[in-house]
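Trainee: Below you'll find the structure I mean.
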Amino acid sequence: MGDDIYLAYRLRTASLRGYAVQVARSSDGISFEPLFTVDKDQLGCESLERPALALTPEGRWRLYLSCATTGTKHWRVELLEADSPDLFDAALSRVVLPGDAASGVKDPVIVQRDGLWHLWASVHPLTEPDHTDRMTTEYATSPDGLAWTWHGTALAPRRGEWDARGVRVAAVRFRAGGVAAYYDGRATASQNCEELTGVAVGSGPAALAAAGAGPVADSPLAGPRSAGAGLRYLTLVELDDGYERLYYELTNANGSHDLVTEQRTASGSGY
């Protein structure tokens, strides 16, 4: 809003997983002032993963939260709504994407375009208990961002490729002639939390296909103590001066994950 950048991100440790989500504001895109924090206990869940912020046409703020259902492999998405990001109230949370007994849903990516809300979410099948890390990206639409209609799989894993175990759309851009997306992919279960970033394209938002032979980005910082070279959860912020700012989670030399940012010309990516 205005020249400020608002960011929603999770806080986690190896033992506590995603223990909280924080919303923060920045005037330069680098230094952030926390405005609101919600922890997993306030939502009655076991862990929190990637959130999504959205602003309604009426000027209301929404925070979509990925919540792990306690004692299960199931995920659901809950929603907080307020007049400003510092006024969110965890006590008013409601479920908007419940999943079901056969699948968990989380990590929503939301774009509003031409009066319609578009959503891409990571869906995990729960029918095989030892393989619940598998994931596809499913596409849904809504007139209001509350009641969603699912339209099927937008992006699926590819057998024998670097994204064979799972794919998760992370950022979407409508462009002339179709849609382009960054997505997280992994080849094996051991790469969970260490996904790499690829690009997918399609003629419309409901059907995307991987572009290129491999991922386009991984961590240049990962060292011998790292479990992988993860670069994931990428998102884009368009700036007013012909630039854009990227935010993503990056594996560092100690094996921990940093939230980092970079600025580039908006026309230089081809995405």
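Trainee: How many of the residues making up segment 111-163 are in a loop (DSSP other than H, G, I, E, B), acidic (D, E) and open to solvent by less than 50 Å² (accessible area, probe 1.4 Å)? Before the answer, list the steps.
Mentor: Residues of segment 111-163 in a loop (DSSP other than H, G, I, E, B): 114-115, 126-128, 132-134, 143-148, 156-163.
From what is left, the residues that are acidic (D, E) are 114, 128, 133, 144, 161, 163.
Still in the list and also open to solvent by less than 50 Å² (accessible area, probe 1.4 Å): 133, 163.
Residues meeting the conditions: 2.
Conditions tested, residue by residue: (1) surrounded by fewer than 15 Cβ atoms within 10 Å (Cβ to Cβ); (2) hydroxyl-bearing (S, T, Y); (3) over 20 Å from V111 (Cα atoms).
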residue	(1), (2), (3)
A187	no, no, yes
G230	no, no, yes
Y233	no, yes, no
E249	no, no, yes
N254	yes, no, yes
V260	yes, no, yes
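Trainee: Something else now. Scan segment 198-227 residue by residue and report those that are open to solvent by less than 50 Å² (accessible area, probe 1.4 Å), in contact with a strand residue (DSSP E or B) (Cβ under 6 Å, 6 or more places away or on another chain) and either in a loop (DSSP other than H, G, I, E, B) or farther than 17 Å from D184 by Cα (or both).
Mentor: Matches in segment 198-227: P205, A206, S219, A222, S226.
Trainee: Test of understanding: among A207, A227, which residue is closer than 20 Å to G152 by Cα and in contact (Cβ under 8 Å) with a residue 12 or more places away in the chain?
Mentor: Working: A227 fails: closer than 20 Å to G152 by Cα.
Going through A207, A227 in turn, just one is closer than 20 Å to G152 by Cα and in contact (Cβ under 8 Å) with a residue 12 or more places away in the chain: A207.
Trainee: Moving on to the next point. Of all residues in segment 98-108, which are among the aliphatic types (A, V, I, L, M) and surrounded by fewer than 23 Cβ atoms within 10 Å (Cβ to Cβ)? Break it down into steps so the answer makes sense when it comes.
Mentor: Just the residues of segment 98-108 that are among the aliphatic types (A, V, I, L, M), to begin with: 101-102, 105.
Matches in segment 98-108: A101, A102.
The values are calculated or read from the model by the stated rules, or taken from the named source; none is laboratory data. Everything quoted here is computed from the prediction, not taken from an experiment. Don't worry about glycine lacking a Cβ; one is built from the backbone with ideal geometry, like all the others, and counts go over all protein chains shown. In case anyone asks, the SASA skips ligands and DNA or RNA and just uses the protein heavy atoms, side chains included. Shrake-Rupley method; radii C 1.70, N 1.55, O 1.52, S 1.80 Å.
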